[in-house]
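Undergrad: The structure follows.
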Amino acid sequence: MPSPYTTTSQLLAVALCLCTPAAVAQTSSSSSSSSGAFDLLTYNVAGLPAILNDNGVPGDKDTNANLIGAHLATGAYDIVHLQEDFNYHAYIYATDNHEHRTPTSGGVPFGDGLNTVANFPWTGFRRTRWNKCSLSSGDCLTPKGISYMRMTVAGGAEVDLYNLHADAGSTKGDANARSAGIDQILAAVAANSAGRAVILAGDFNDRWTRTDRSIDRLTAAGFEDPWVTLVRGGAYPAPGSVVPSCAVPAADNNCEIVDKVFFRSGDSVKLTATSFNYLANVFVQPDGNILSDHNPVHVEFSWTH
C-alpha cells in the first residue's frame, strides 16, 4: 500500500496503473476461477436415542458422536451432510471444526436429523418436511425431509445442495412415501435450481435392485449416480437383479447401500465426479469398532465454467 506520505501525483499514477485492462483481468481471475475441485461426504450417524435404537453399534452414543466429530475435523472433508443427527448432535459439533455449520433442528421427535458442516459458505438454507410418510417404520415420528442450500465452493462456483433422509421400510406404503419424496425433490429442484449445478445426497432408503425403486426417476431427470458411473462402469443394476448388500464396514465399493449421491451439471457450472469410496474403515472407534450402522459415502468432484 502507498505510505501516508505518498504524493498526489504518485497516487494518480497508481490509480491509473490499477485501472488498466491487464490489471482488471488479473483482479478478476484472482477472485474467481474457471475450474476447481471439492469433495462431499454423506453419513447417517445413527443419532436416535439409545433407548429407542442402539443401531447395533458397540459403545455409548455420546462417545461415538464425539469420535465422529473428531474424524470430520481432520480437514479431509469440504462438505459433510449428516442424517439421523438427532440427540447426540452437540457431541459431534463439540469436536468438529468446520467453519460453517447448520444449527440443529432438535432431537427426536422435534428435529429432522439433517445437518451440514462445510469449509464453504452458503445462502438460502431451509428445511422442508416430506409431504407423505408411512407409519410402519416410525417415519412419521420425526419431521424427516430435505434441506437446501446454495454453496459457493472452492474457486467461486455455486452449487445447489440438497440433504435428505427418505422414508424407511419395505411395505407398499413405504415405497409410496419414497416415491412421493422423489416427486418432492424434483419439484424443489425445478423451483429452486433451474439451470443450476445440483448435488442430492443422503439416506435414500432405496436401492437400484429394488423392484419398487423410485431413484431411477432421478436419472431419468438428468441426474447421475457416481457409484454406478465410477464403480460399475455406467451399468445401472436392473430391478430385481442381485448386487451384494454392503456390510458395515463395506468390504469394497462394489456392494450397494441406501446412502447415495446424485448430481447434475448446470448451464454455467459443469460437475464431474472423479472418485467414489465407502469410508466405514475410516470412521471407527479406537478398537476398530464401527461408529454407525451406515457406511459413510465420499465423492470427489471437479468443476469447470
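Laboratory data are not the source of any read-out in this text; all were calculated from the coordinates shown. These numbers were taken from a predicted model, which means no experiment stands behind them. Please note: Cβ atoms are built from the backbone with ideal geometry, for glycine as well, and neighbour counts cover all protein chains shown.
Undergrad: Please work out the Cα center distance from the range 41-75 to the range 263-290, rounded to the nearest Å.
TA: 18 Å
Undergrad: Give me the tail of P(r) for the range 210-305 as a percent: Cα-Cα pairs with distance above 15 Å.
TA: 65 percent
Undergrad: Same structure, new question: Report the calculated FRET efficiency for Cys255 and Ser302 (r = Cβ-Cβ distance, R0 = 30 Å), to the nearest 0.05.
TA: That gives a FRET efficiency of 0.70.
Undergrad: While we're here: Relative contact order of the chain: what whole-number percent is it, with Cα pairs under 8 angstrom and at least 6 residues apart?
TA: Relative CO of the chain lands at 20 percent.
Undergrad: For the range 286-300, take each phi angle, set θ = phi - 60°, evaluate the Karplus expression 6.51 cos²θ - 1.76 cosθ + 1.60, and give the result in whole Hz per residue in order, putting x for glycine and proline.
TA: x, 8, x, 5, 6, 9, 8, 8, 10, 7, x, 10, 10, 10, 9
Undergrad: Around Cys246, which amide H atoms from residues at least 5 apart in sequence, or from another chain, sit under 5 Å from its own amide H, with H modelled in the peptide plane?
TA: Glu256
Undergrad: I'd like the Karplus ³J(HN,Hα) series for the range 211-216: coefficients 6.51, -1.76, 1.60, θ = phi - 60°, whole numbers in Hz, and an x wherever there's a Gly or Pro.
TA: So the J values, rounded to whole Hz, are 6, 9, 5, 10, 5, 5.
Undergrad: Something else about it: Of Leu164, Ala188, His100, which is farthest along the charge dipole of the range 35-304 in the positive direction, counting Lys and Arg as +1 and Asp and Glu as -1 at C-beta?
TA: Ala188
Undergrad: Where does helix 61-72 land angle-wise versus the long Cα axis of the chain, in degrees 0 to 90, nearest 10?
TA: 40 degrees
Undergrad: What shape does the range 63-124 take by its C-alpha gyration tensor, where a ≥ b ≥ c are the square roots of the eigenvalues and a/c under 1.5 counts as rounded, a/b above b/c as prolate, and the rest as oblate?
TA: Cα axes put the range 63-124 in the oblate bin.
Undergrad: In the structure displayed, which of Lys172/Lys260; Lys144/Lys260; Lys61/Lys144; Lys61/Lys270; Lys61/Lys172 lie more than 28 Å apart, Cα to Cα?
TA: With Cα atoms farther than 28 Å apart: Lys61/Lys270; Lys61/Lys172.
Undergrad: Between Glu99 and Val243, what is the spin-label point distance in nm, taking each point 7 Å from the Cα along the Cα→C-beta axis?
TA: Once both label points are built, they end up 3.7 nm from each other.
Undergrad: Using only Cα atoms, find the angle between the long axis of helix 172-192 and the longest principal axis of the chain, and express it within 0 to 90 degrees, rounded to the nearest 10.
TA: Roughly 10 degrees, rounded to the nearest 10.
Undergrad: What number, rounded to the nearest 500 deg cm²/dmol, is the helix-based mean residue ellipticity at 222 nm of the chain, given -39500 (n - 2.57) per DSSP H run of at least four residues and division by all its residues?
TA: -6500 deg cm²/dmol
Undergrad: Could you give the alpha-carbon Rg of the chain over 2.2 N^0.38 Å, rounded to two decimals?
TA: So the chain has a normalised radius of gyration of 1.13.
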